[in-house]
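Notes follow the structure.
The values are calculated or read from the model by the stated rules, or taken from the named source; none is laboratory data. Computed from a predicted structure; not experimentally measured. Virtual Cβ from ideal backbone geometry, glycine too; neighbours counted across all protein chains shown. Surface accessibility is based on the protein's heavy atoms, side chains included, excluding ligands, DNA and RNA. Shrake-Rupley method; radii C 1.70, N 1.55, O 1.52, S 1.80 Å.
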Amino acid sequence: MKPPPFQYAAPTSVAEAVELLGAHADDDARALAGGQSLVPLMNFRLAQPAYLIDLRRIEELTRIRTEGDTLVIGAMVRQSHAEHAPEIAVGAPLLAEALGYVAHPPIRNSGTVGGSIAHADPAAELPAVVLALDAELVLAGLGGTRTVAAADFFTGPFSTAIGSGEILTEVRIPRRAGGHAFVEFARTHGNFALVGVAAVVELDGGTVARASIALSGVAPVPVRATAAEEALTGTVPDDASIRAAVDAAVAGLSPAGDVHGGRETRTDIARSYLRRGIELALSRAGDRR
Amino acid sequence: MTTMDRPDAPPVRTHKENRKWVGQSIRRVEDPKFLRGRGGYIGDMTVPGMLHAAVLRSPHAHARITGIDAAEALAAPGVHAVITGAQAAQLCDPLPDFGPDPAKHTWRCLAVDKVRYVGEGVAVVVADSRYLAEDALALIDVEYEPLPAVVDPERALADGAPLVHDDLGSNCAYERTFDFGDVERDFAEADVIVTDRLRWHRSGGQPLETVGALADFDHATGELTVHTNSLSFTSYLFMVAGTMKIPANKLDIRPVPAGGSFGSKLFATKPAVIAGMCSREVGHPVQYLEDRVDNISNCDHHGSDRVYDVRLAMMRDGTIRGIDIDTVEDYGAYIQFGVGHHGNALAQVVGPYAMTSVRYRVRAAMTNKNQQGAYRGFGSEVNNWMLEQMVDKAARELDLDPVAIRRQNFIREFPHFIPTGNVYDSGDYDGVLDKALELSDYKHWRAEQAKAREEGRCIGIGLITAQERSVFSATEFWFWFDEPGAPVTSMPESVTLKVDATGGITATLYSCAFWGNSPETMVAQLVAEEFDCDPHDVAIVYQGSKNGLPATGPGGSRTTVMLAGAVEGATAKIKAKALRAAAHLLEANPDDMEWVDGGFQVKGVPEQRKSLADIAVMLHLFKHSFPEDMESGLEDSKVFDHPYTTMPSADRKDLGVFYPFMGHACHVPVVEVDLETGSVSFLAYAAVHDCGTLVNPRSLAGHIVGGTAQGIGTALYEEFVYDDDGQLLTSSYLDYLIPSAMEVPELKIGHHETPSPYTLHGIKGGGEGGRMMAPAAINVAVNDALAHLGVRVTELPITPDRLRAAIRAAKSRESG
C-alpha cells in the first residue's frame, strides 16, 4: 500500500496554488487538503495524481469570520478547529454537531472542512450540512473566483462543480434560526454512516415556518428531503405529521446497498433517522406548540 | 462406551499454600520497552543492503494462469528480481501442510498454474524499496483464463461444483462421522428432539502488526537466517527448511516480537519462505512485511466458517441426553491444519453438561477463499456458540428457565470423562454461575427487561455457561485418520534458568518471542515464586531456533501451564545442585537442610545459611572448593512434555485425553436491540471465569477483556465477505469492521479459582475464554430481547441487514 511516484509542491497563497494547478493541468494535478481521504486512496493506488499541490501552508484559507449574517469558513480550517470554534457554535450549530461525527478526533485534527466538501463522499457529513444550510462554495481559478450554491455543487459520487484548475477556498453559510440537528447511523463509531440526517426547523407560534432537511448516504450525492420539508411546513408538528413527512421523504428514496446494508435496511434506517433528526431539531426549535 | 482401558491419570498434586508471587497482579515486565517504542518489530529492523519484497495478488477468485510477462517489471528502476509462481515452484517445495493428503491440494508460497482465491500471490518483486517494488508490480502482465468460482461450502460439496483442486476429484477434503456413547438409545428415549440450523460466518484475528520476515541467505555457508514474528517454529523447524530445500541445521529462525497474533501468526510460514527465497536469489537480505490488504486477503489464518445442522435429545424435565451434530466447514482453498479445529470442538463438545452421547459428522469443503488457520478459540468457540443456542432453544421449547436448565445438567464430579474420551480435570460450575448471577445483577436486569418491554423497548439478557479447554495435545491433529502420517504425541515447552555469579536469574524462552500477552511477566512471577526473588529482577531472553530446545509455543492456551512445568523442572535441577554446594560449604548433611527465603539453611539453625548469591558466586568462580564431580556454573534446562495426554482408541470411539485442563466461564451481556435499525448495543456485561489458579489476575482480566471485544466483533461486526463470484468485499478496515472502545462496554469481571489437580499450582490456561464465550452470549441475549416478537437469529455476525430481515419476516408472518 504505497503510492506511485508523484511530484509535490506546497504553495503559500491561493494565487500560487491556482497558478500551479493551471500549469500542471495536464499532469492530473490534485489539491491536497488534510489528506485523510486522498492519501489512503493514493496508497491503495485508486488515485494516482502525478502532481500534488499541498494547500496546508496557505494561511489565508485557515480563517473563520463573520460577514453580517454569513459565516465564512476558509476551506483549510481543520475540522477539529471548526468543531470547537465559538463562531460556528453560534452561526452554524448544525455544522458543529455534524463535525463530531466525522471519523475520529485524530482524523479531524488533520482533516479540513473544505477537504471533506470537495471530496464529496456520498456518505460524508459535511456535504449534507452545506446542502441543508443552503451554503455557497467559493471557487478560485486562474480567471478569478466564482460562487456555486451547495444545491448545484455536488454532481455525483466524489465529483463536484469544481472545475479543472480551480480550488475550493471558502464555505459561506447563511445564519439560520430554528432548531438544528445532525444525527447519523454508522455501524461502528467513526465509520462511514449508512444514513445521515441534517435538519433545521424554524417554528413560528408552534407552526413550522421553514424546514430544511438533507440526507447523506442514500443517493450518489447528498439530497434534500424536499417532500418532508413541504409536508412539515405549515403544520403544527405532532407524531402524525412527522410520520407523514418521513413517509413522504422515504417514498422518494432508492439507496444503493452495500456490504454494510442492503437497500431495504438503508431505507428502514433512513426512515428511523429522519424521524429522529426532525424530532431533535424540533425539540431545539424553542417554541414548539 | 470406551473401547479401551483408560491409562492412569497423572498423580494428583498438592499445591503450595501461601504463595508469594503467583496470584499477584504485578506490573507487567514487558510494558516499559513496548510503551517506549523499543519493542523492535520487523518493520523497525534494517540491515545493510536490505531489499524489500512485494507480492502481486490475484484479482480473480478462480482462474487459470496462462502467461506471465515480467520483462517490463524487471527493467523498472530499483528492481532486483521478479519471481513468478512457476519459478518459485522450482526454487522451493510446497509449504508445510498438516492437512489430509496434502499432495491432492498442494500449497505453495505463490500460485503456479491457477489461482484459487482473490489475493493469492502470483509473483514477487524484490526492489530497493517497497515503493519501487509496488511500482513494478503494476508492470507485471498476467494472463488469466477465469474459471467459475465456488464460495458456498454446501454448494461446493454438491455434484457439478467447480473443482478447487482437480487432483482431489471433489471439493470434500475430509469427511467422517464419529459416534461417542450410545447415540441411538439417547435419541430413541428422548421426549423431545430440538433441532436447528446455524450459520457462523468467517472472521479472523486482526493484529496491529501484520506478518513479516527479514531473511538473509549466506551463499558462503549455505545458511539461511530468518527474523520473523511468526510463532511456534522450534518444533517444526525442519518443515520450513524442507520447503527451502536446505538442511534443517542450516536454518536459524530468530524471534522478533509479534505485534499481536490471536492465533493468526501461529506457524505463519509463507512470509518467511518468500523472504528466504528472494534473499537466496538476489544475494541480499530481503524484508517482506505484509500490508493490511496482503494480510486480510492472504494471511492463511481466516477463522471458522461453519454450517450446522444439530439435533439435541432432551427429556421433558430438562435433562440433556445427547447431541447429534452435522457440520460443514468452509476451509477455503487449502487446509493447512486439517480439521484440527473440530478436535478443539470435540475436547468440550458437550460443554459443562452431563450428556452421555455425541454424534459428530464433519465435512471439510474446499472453496475459492483464503484458507483457515488459527483464531482465538480454534473452532471450539464455534461449538460453544452452537451448543448454547441449542440449550437456549431447548429451554424455550420446553418452557424452562434458562438458568435452571443449565444448572440442572451441570457436571459435578471430577475428573470427568466426556463421551469423546477427553477429560475435564476439575470444575465448579455452580460456583461460577452463582458468582455471575450476583455480579451481573441478573434479577435487576430481568425486572428492567420487563419494564422496558412495556415501553416497547427490547432488552435481552444472554446468560451462557461454557467451557474453555486449555493445553492442547497434538493428537487432536491426527486422531481423524486411522493411519495418521505423523502421530506426534508430545508438545514440549522448554525453559533454561541461569543463576549468575551474583545470584541474578535469567530465564531463556524458546519457540518465539513476545506475541502480545504477558509471557515474561508470567515466567518472572513463576521464577520469583521458586527462588523468592523480585519478579522485576528476573531477566527474560528469547532464543532462536538454531540453539533452541524443543518448544511448541503459544497455542491452545498452553503457554502458562507448560512454562510453569518447565520452570519447576529447571528450578528443581538448579536447587539440587545449589543444595549440594551449600551443604558442602556449610559442612552439613543435605538432608538436614531446607530452602528458606532465597537460600539453603540448616533446619532449625538459620545462621547456618547460604543465600543463592553466596552459592552462585562460589559455583561460578571457586570450582576447586567443591568435590571433583561438580562443574562450574549454575544453569539448567527443562524440556517439559505435555503432562496429561493419552492415545485414542484404534476404532476412534474414544479419542483419549487431549485437552485435559478445562476452564469454565459464565458470561452475562445485557443488550438492547433497536428494532428500527437492527443495531445492538450493550447496557451491561458481566463475565466470571475459572481457569484454575491465577498467576496474574490483571493480565488474565486483560485476556478476558480483549477476547470479549473480539467476541463482540464476531457476534456483531466482523466478517470476511466474499460475493457470489468470490470477490472479497472486505479487504480493508473500511469494510471489515472491528469494534473499538466505543462499541465495547466496560466489563465487570469476576474470577473463580478451581485448581487443576495435575499442574503446578493448579494453573489452567485462560488465553482464549473471552472470545470463546462472547459470541454465544450475545446471540442468546439478542434472541432473548426479541423472543416475544417471534424473532430468533441463527447466523453470526448479527448485522443490521440480518436483524432487520428477521424482524421484517416476523412482522410479515404476524400480519400475514
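Odds and ends about this structure:
- Other residues within the sphere of radius under 11 Å centred on the Cβ of B:LEU91, judged by their own Cβ, net out at +1 (K and R +1, D and E -1).
- Solvent-accessible surface of chain B, averaged per residue with a 1.4 angstrom probe and all protein chains in place: 35 square angstrom.
- Mean shadow area of the protein assembly as shown over all directions, Cα convex hull, nm²: 49.3
- Bins of 10 Å from zero: percent of alpha-carbon pairs in chain B: 3, 13, 22, 24, 19, 12, 5, 1, 0, 0
- Seen from B:TYR117, the other residues with C-beta closer than 15 Å to its C-beta sum to a net charge of -2, counting Lys and Arg as +1 and Asp and Glu as -1.
- Selection from A:GLY22, A:LEU46, A:TYR8 lying farthest towards where the dipole of region A:7-54 points positive, charges on Cβ: A:LEU46
- Solvent-accessible area per residue, Å², over region A:95-230 with all protein chains present [probe radius 1.4 Å]: 31
- For chain A, a simple Cβ point-charge model (Lys and Arg +1, Asp and Glu -1, everything else neutral) yields a dipole of about 600 debye relative to the Cα centre.
- When only Cα pairs below 8 angstrom with a gap of at least 6 residues are kept, chain B shows a relative contact order of 17 percent.
- Cα centroid separation - region B:673-703 against region A:158-211, whole Å: 38
- Over the C-alpha atoms of region A:59-174, the Rg to Rh ratio, Rh being the Kirkwood estimate, stands at 0.93.
- Summing charges over neighbours of A:ALA128, with a neighbour being any other residue whose Cβ is under 11 Å away from its Cβ, gives -2 when K and R count +1 and D and E count -1.
- Highest mobility in the GNM of chain A, judged by mean-square fluctuation with C-alpha springs under 10 Å and restricted to A:VAL77, A:VAL90, A:VAL113, is found for A:VAL90.
- Computed accessible area, B:ARG321, all protein chains, 1.4 angstrom probe, square angstrom: 40
- Crossing angle, helix A:263-283 versus chain A [Cα axis fit, 0-90 degrees, rounded to tens]: 70
- Residue mean of other protein chain beta carbons inside 10 Å, A:257-266: 5
- For region B:251-329, applying the loop criterion from DSSP together with a ceiling of 15 other beta carbons within 10 Å to the GluC sites (Glu not before Pro) yields no site.
- Packing, taken as the mean count of other beta carbons within 10 Å per residue, orders the peptides A:103-112, B:303-312 from highest to lowest as B:303-312, A:103-112.
- Per DSSP, loop chymotrypsin sites (Phe, Trp or Tyr not before Pro) in region A:1-48 with at most 11 further Cβ within 10 Å: none
- The B-A contact accounts for approximately 2300 Å² of buried accessible area, totalled over both chains at a 1.4 Å probe radius.
- Helix-only mean residue ellipticity at 222 nm for the protein assembly as shown, each DSSP H run of n ≥ 4 adding -39500 (n - 2.57), per residue, nearest 500: -8500 deg cm²/dmol
- When the trypsin sites (Lys or Arg not before Pro) in region B:587-637 are filtered for DSSP coil states and for at most 15 other beta-carbon atoms within 10 Å of their beta-carbon, the remaining sites are B:LYS603.
- Delta accessible area of at least 10 Å² on complex formation, residues of region B:81-130, 1.4 Å probe, chain isolated as reference: B:ARG130
- Test item: Cα-centred dipole of the protein assembly as shown, Lys/Arg +1 and Asp/Glu -1 on Cβ, debye: 1000
- Note on A:ALA23 and B:LEU729: their simple-model spin labels are 4.7 nm apart, each label 7 Å out from Cα toward Cβ.
- Figure note: A:THR155, B:THR552 ranked by solvent-accessible area, largest first, 1.4 Å probe, ligands and nucleic acids not counted: A:THR155, B:THR552.
- Think of chain B as a dipole: +1 on every Lys or Arg Cβ, -1 on every Asp or Glu Cβ, centred on the Cα centre; then among B:PRO745, B:GLY816, B:GLN543, B:PRO745 lies furthest on the positive end.
- Cα gyration tensor shape for region A:7-54, rounded if a/c is under 1.5, else prolate or oblate: oblate
- Calculated FRET efficiency for the pair B:LYS245/A:SER159, C-beta based, R₀ 56 Å, to 0.05: 0.55
- For A:PHE158, solvent-accessible area (1.4 Å; no DNA, RNA or ligand), Å²: 110
- Think of each Lys and Arg Cβ as +1 and each Asp and Glu Cβ as -1; about the Cα centre, that makes the dipole of region A:59-174 roughly 200 debye.
- For the protein assembly as shown, carbon and sulfur atoms together expose 50% of the accessible surface, with a 1.4 angstrom probe and every protein chain in place.
- Among B:GLY37, B:ALA136, A:GLY178 the positive-end extreme of the charge dipole of the protein assembly as shown (Cβ point charges): A:GLY178
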